[in-house]
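The values are calculated or read from the model by the stated rules, or taken from the named source; none is laboratory data. As the structure is a computational prediction, the values presented were derived from the model and not from experiment. Glycine also receives a Cβ, built like all others from the backbone with ideal geometry; neighbour counts cover every protein chain displayed.
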Amino acid sequence: MLRLIGRGIFLLAAALLAAAPGNAQGLATWRHGVVEAKSDAGFVFMAQQKGFAEKQGLKLEMPQFTGDALELKALLAGELDSYEGSPGSPIIAVAHGAAIKLVGCYWPGLTYGIYSKPSEQGGASLKGKSFAISAPGALPDLLARAVLQKFGLTANDVRFVVMGADTDRYRAIVAGKVDIAAASSEFAHDAPSQGVKLLYHAHDVTPEYLRFCLYMTPETIAKKKDQAVRFLAAQMAAMRYALDHPQETVAVARAMAHIPDADQRPNYIYEEVKKYDAIDPQLSIPTDRLAWMQDLLVKTGNLNAPGDIDKLVDASVREAALKIVK
């Protein structure tokens, strides 16, 4: 009798757990790759942290990488359902026959910068300097090449130093280990007090450059179309919510990136996003800017010739998501 009662209690507890709000049972797992959490993590992780993915029936897992070039490799290896990053690497990959589809761009404004010591004049004087970037083909690498190209320089005119995350590159410029560094513009808030200046803001020197778009493989879209649509719908709702709730967005950033309350970088990057209208909750696909980026890649020598940019794009997932987002 005692065993029967115990079994009954166990079954009742299991039923209550299954019915509990937020329980992951019955949710479809979706793996979405992101760059390591920093001050803008309130936007990046909003869909996961505030339940927007769960509302769409998804358990959203978000493995973090030191750069978007590594995310692309993970996607092609079948380790991710989607990832977010600059379009540079996917454009190059598609030109070499890779199967990748851009399905939307939620962060078209590039909140990014080039840092130096205060004495640096920029322009042609960048020649011969050490320049901290991330993996070849990732956003910092391609932005650096774009800035050099703007001033009539090439990659051969500087010494690239490959480093991991934005924080690593910024710390390197603070410590004087490199002359120039590409990193998030969030560091501009503290730069003057740390003997560093924001030499160039991407918004000023490369306004057409896209920051974060979302990518999937054609195979994932074909096999998981419904989940893909619901993932984009969750992202749309999350971005809209983040833009309307600054305190919650900043709080998520602090929690995910382990940033103390005294550090004002999350507040700074939030205000910058609003200032430049950097985030698009509709996840539009700006093909004109994609074409500009492709032309840039030809100029910097990353591509031999421009291709058909439409081969990169699949608008069907976004169009379906727009119909269900709430």
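Observations, loosely collected:
- Evaluating Leu110 against the criteria (1) modelled with pLDDT of 95 or more; (2) touching a His at 6+ places or on another chain (Cβ under 8 Å); (3) of a type in the set (A, V, I, L, M) leaves one unmet condition, (1).
- Residue count, region 233-250 (criterion: within 11 Å of Val44 (Cα to Cα) and touching a Lys or Arg at 6+ places or on another chain (Cβ under 9 Å)): 2
- Just so you know, in region 77-131 the residues that are free of Cβ contacts under 8 Å to residues at least 40 places away in the same chain and aliphatic (A, V, I, L, M) include one that is nearest to Pro218 (Cα to Cα), and it is Ala98.
- Those helices (runs of 4 or more DSSP H) lying entirely in region 26-66 with at least 2 residues over 12 Å from the mean Cα position of the chain (by Cα), in the same structural domain as Ala77 (by TED's automatic domain parsing) and of a type outside the set (A, V, I, L, M, F, W, C): 46-49, 52-55
- The listed residues are Val298, Val250, and the only one of them that is under 21 Å from Lys50 (Cα atoms), β-branched (Val, Ile, Thr) and part of a helix (DSSP H, G or I) turns out to be Val250.
- Residue tally, condition of a type in the set (A, V, I, L, M, F, W, C), assigned to a strand (DSSP E or B) and within 12 Å of Leu139 (Cβ to Cβ), over region 99-113: 1
- When Leu80 is tested against (1) surrounded by 16 or more Cβ atoms within 10 Å (Cβ to Cβ); (2) at pLDDT 95 or above; (3) outside any loop (DSSP other than H, G, I, E, B), exactly one condition is not met: (3).
- Selection count, region 173-185, where residues are within 20 Å of Thr111 (Cβ to Cβ) and of a type outside the set (S, T, N, Q): 6
- Residue that is surrounded by the most Cβ atoms within 10 Å (Cβ to Cβ), among those in region 306-326 that are within 13 Å of Val94 (Cβ to Cβ) and aliphatic (A, V, I, L, M): Leu312
- Selection of region 271-288 for residues being surrounded by 18 or more Cβ atoms within 10 Å (Cβ to Cβ) and either of a type in the set (S, T, N, Q) or in a helix (DSSP H, G or I) (or both) yields Glu272, Val273.
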